[in-house]
Amino acid sequence: MEKAAGFPSVGGSYPQKNAEILSSQYGINLFLAGLLLTFAWAVHAVGISKSHLLSYLITLMLIQLLWMLWYLCRSCTQRRLIRDKDTHAGARWLKCGITLFAVITLFLDSFKIGYYIDFSNCLSPTEGIFPVTHAVHTILQVYFLWCHAKDIIQSFKTLERFGVIHSVFTNLLLWTNGVLTESKHQLNEHKERLITLGFGNITIVLDDHAPQCNCTTTTLCSIFSQGIYYLYPFNIEYHILASTMLYVLWKNIGRKVEHHQQHKTPFKFHGITIGMICGLIVLTSTIAIVVVYLIQIGRSKIKSELALTMFYLHAIFVLALMCTAGIVALLIYRLEDRSLDNSKNPARKLDAELLVGTAAGSWLLSWGSILAIICAQAHPKYTWYNLPYSILVIIEKYIQNLFIIESIHREQEKVNDDIKTLRIVTISRGSTLSLTPSYKEIYNGRAARDSREVPCLYKDSICGRENGGGGGAKEETSQENRSVMRSASDFSFYSRNSVTNNKRRVLKNIAAFLFLCNLSLWIPPAFGCRPEYDNGLEEVVFGFEPWIIVVNLAMPFSIFYRMHSAASLFEVNCKT
């Protein structure tokens, strides 16, 4: 009987498991086909042009638009139904972040449309259709994520799995296309910088991105062509964030929800002044370093070497501070005895996997630099700063990952049971019993200063009686109340609570500091300040083309790691 009763539920899970496997395989094949098409265009394969790649991406976006419209219409017709929600998914700050990136992406699309209009005589029509489709896709997708990122889909599950996974890999392909386009632009500038550093013997044929016709308005064309590449970092972050939110939605399809979900934890600036000030100093100095770097690099050999030295010294100082802050936070965790939350949570699991997975990109570049420094025959002075920089990058990510992953898995501290059961009553002149505002007023002595009111603790017996006894009874009651006040101030849980608050304050300041530091370290590679390109030593040891391939593969993950770490640290700050 037990087997027979259990058999239908087991058998019923197979179709959903098969749908999950089939949809994931569909998405992977969709992505691999687009990735191969992107690679073929990048290496100028015979018969493959940019219009073929853009046509493929336009088709994928149109299919996703149809699915999102169908889902939104179906949701409107069923809006009165109570649906399960995953409170861990689609946090408000994450939605605000993706909205900001989406707005900047719309500016990028408008620049592309203007660029196409100016060069319409020699550009393919797909280069005009693509930004228009992408703008519509961006607007609808952001609206979809704002409204439905927390949904746990329980109907049309097989169809929805294919629709969501299609959206995930469409965004990944758009991310890949943005990374490739931005990398090819960086490669052109990189070759010019290497020549100024004395590496003129490196030869490679670079792409010429200029259209083969004249621009109708030269000034506008220059603004559009230069502005596009400064906006690409935001477009890249937008698509990777969208793909992660959609992936969590896909993992939540058909999920059984535990209804003791986590309560909302809003971000507060109170108590993190030190961390914010230190972080803002790092952020300001990083922006200044990036501006000077981009101005000086490539001007002359001396200026380029000074720019690289300045970058390395600043980065070494910042990374050393981040390592110290992370170690202090981990030591505080070791001193606390708090259990970890091991409940099933797709969003939290994805966060941890992305942290470790994307950190591998930076680790690959760092180990390549360390190996190049060891094996190189000639060492310009500025290259020696690359050694401590590369070592600190490895150590800092290792420590930061431990801190973030443990933080997001720690259970939130519950209020002490003694505090919850504490009852405070007063004996007023009017012979009535009333509650004081809070137990903290006892310690502050405020209740004692209230007119003719004497605070006491109400636990197992009545603290006082109505005013009707003799004067001796009143005096005895007053003495008892004073003794209760003295003993209340010495409660051990109050001192423990004070120590806990101090630890929390330190942790919140560390999280705020690391949050701003990660934003600071995201800026240099995202806006073209990449010593891995400009150092030159790695190209000599590994060869120009092999090292450029390694950098182009690893750099996008390194850039995403910083933004994802900043987002995770923001969540840690809210949770602590």
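The values are calculated or read from the model by the stated rules, or taken from the named source; none is laboratory data. Treat the numbers as computed from the prediction; the structure is a model and nothing was measured. Heads up, the Cβs are rebuilt from the backbone with ideal geometry, glycines too, and the neighbour counts pull from every protein chain shown. Side chains included, ligands, DNA and RNA excluded: accessible areas come from the protein's heavy atoms. Shrake-Rupley method; radii C 1.70, N 1.55, O 1.52, S 1.80 Å.
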Fill in the blank from the handout: The correct count of residues that are under 22 Å from residue 35 (Cα atoms) and within 23 Å of the chain's Cα centre (by Cα) in region 142-180 is 17
Problem - Top-ranked residue in region 106-130 [being touching a Pro at 6+ places or on another chain (Cβ under 7 Å) and closer than 22 Å to residue 238 by Cα; ranked as surrounded by the fewest Cβ atoms within 10 Å (Cβ to Cβ)] - result: 113
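Condition check ((1) out of contact with any His (no Cβ under 9 Å at 6 or more places or on another chain); (2) assigned by the TED database to the domain that holds residue 229; (3) closer than 17 Å to residue 68 by Cβ; (4) without any contact (Cβ under 8 Å) to a residue 24 or more places away in the chain) across all residues:
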position	(1), (2), (3), (4)
102	yes, yes, yes, no
121	yes, yes, no, no
152	yes, yes, no, no
159	yes, yes, yes, yes
169	yes, yes, yes, no
Fill in the blank from the handout: Filtering region 342-401 down to residues that are assigned to a helix (DSSP H, G or I), within 16 Å of residue 538 (Cα to Cα), of a type outside the set (A, V, I, L, M) and open to solvent by 20 Å² or more (accessible area, probe 1.4 Å) yields 363, 367, 375, 381, 384, 385, 388, 389
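This table checks each residue for (1) closer than 30 Å to residue 94 by Cα; (2) at pLDDT 60 or above.
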position: 220; (1), (2): no, yes
position: 226; (1), (2): yes, yes
position: 230; (1), (2): yes, yes
position: 244; (1), (2): yes, yes
position: 265; (1), (2): yes, no
position: 273; (1), (2): yes, yes
position: 282; (1), (2): yes, yes
Problem - Pick from region 69-117, criterion over 24 Å from residue 130 (Cα atoms) and polar (S, T, N, Q), ranking: modelled with the lowest pLDDT - result: 87
Problem - Single condition residue 102 does not satisfy, out of (1) in contact with a Phe, Trp or Tyr (Cβ under 9 Å, 6 or more places away or on another chain); (2) among the small types (Gly, Ala, Ser); (3) more than 22 Å from residue 56 (Cα to Cα) - result: (3)
Practice task
Output the number of residues of region 131-147 satisfying the condition of being among the aromatic types (Phe, Trp, Tyr) and open to solvent by less than 10 Å² (accessible area, probe 1.4 Å).
Solution key: 1
Exercise for the section: Report yes if some residue within region 521-531 is open to solvent by 10 Å² or more (accessible area, probe 1.4 Å) and in contact with a Gly (Cβ under 8 Å, 6 or more places away or on another chain); otherwise report no. Expected result: no
Problem - Residue within region 38-50 that is open to solvent by 80 Å² or more (accessible area, probe 1.4 Å) and modelled with pLDDT of 80 or more present - result: yes
Problem - Filter pass, residue 180 being surrounded by fewer than 20 Cβ atoms within 10 Å (Cβ to Cβ), hydrophobic (A, V, I, L, M, F, W, C), assigned by the TED database to the domain that holds residue 50 and at pLDDT 70 or above - result: yes
Problem - In region 207-218, residue modelled with the lowest pLDDT [restricted to those that are loosely packed, with under 14 Cβ neighbours inside 10 Å and within 22 Å of residue 49 (Cα to Cα)] - result: 208
